[in-house]
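Every number in this text was worked out from the coordinates using simple rules, so none of it is lab data. Computed from a predicted model, the values in this text were never measured in an experiment. No Cβ is skipped: glycine too gets one built from the backbone with ideal geometry, and neighbour counts run over all protein chains shown.
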Amino acid sequence: MPRHLLKALAAQVAGFLIIYSLGHSESLPAMTLIQLALIQGVVAASASAILLCPKWWAFIHLVFCPALALAIQTGIPPWVYGLAFAVLALTYWSSFRTQVPLYLSNKHTAHRMLAYLGNPAELKLLDIGSGTGGLLRRIARLRPAWDVRGIESAPAPFWISRWLARREARLTFHRADLWKMPLGDFDVVYAFLSPVPMPGIWRKAITEMKPGSLLISNSFEIPGIQPFETLLVDDSRHTRLFCYRIPAKHPIRRKNGSIPEFVPGPTAA
């Protein structure tokens, strides 16, 4: 079992041990199910922080048991739990393993990227973890000559993205594991993932991508690597796009023998 899952399990167990002790203590007044569930959530969230789990796990630990207790008391039919589980599983799929939640890029991010990249006649762009495809649909409409692709492992976002992009001829979505997707043919690779996979993404990028091509990371820096440029997005969360140029190394040539170097267009605010 991956280490982060063991930590999550340990945090929940710590919470259950505490409420078990409280529930069997003769020196304390009897507590309701909701009260015990709230204590369990606080203890599990605190244990998660102590174990240095990702911050977004703390919220899950905090609300898991209280939500379960409320559901039990409201008498919700069992099939509703099954449906909710199926929807969450199809949406988040392997997030428990990859530690990459579903983040959606907004239209401001798409426009800022396009202002930076300019409008070259040809460009191949890949979004690794494309979600429901909103960013790529906007880029494909504004740059119809580009070859724009996305990969997404979770079934529900992938199906939604395919359906919404059914009329976009130069936009393609693949349901695939990002670690198995070759990056060598792309001029720009965009990622909006989480801090956890970024070191691995950088190793994959410098191994597979062409010298001079770009890796653009939304919000999450690559530890220990200086961005070539940082773009500020004019949105409510003040998004930052970290741009990394792939360094020169052993030549990675196209089939015609050339080594093209992608140079972004003039930066625009």
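When you count the other C-beta atoms within 10 angstrom of each residue and take the mean per peptide, 195-206, 34-45 line up highest first as 34-45, 195-206. Checked against a 32 Å cut-off, the cross-linked pairs LYS7/LYS180; LYS55/LYS180; LYS7/LYS210; LYS7/LYS107 give Cα-Cα distances beyond that limit for LYS7/LYS210; LYS7/LYS107. Using the average count of surrounding beta-carbon atoms within 10 Å as a protection proxy, the listed peptides 157-163, 140-146 rank, highest first, as 157-163, 140-146. Which shape class, rounded, prolate or oblate, goes with the stretch 3-76 when its Cα gyration tensor gives a ≥ b ≥ c as root eigenvalues, a/c under 1.5 marks rounded, and past that a/b bigger than b/c marks prolate? Oblate, because a/c is 1.5 or more while a/b does not exceed b/c.
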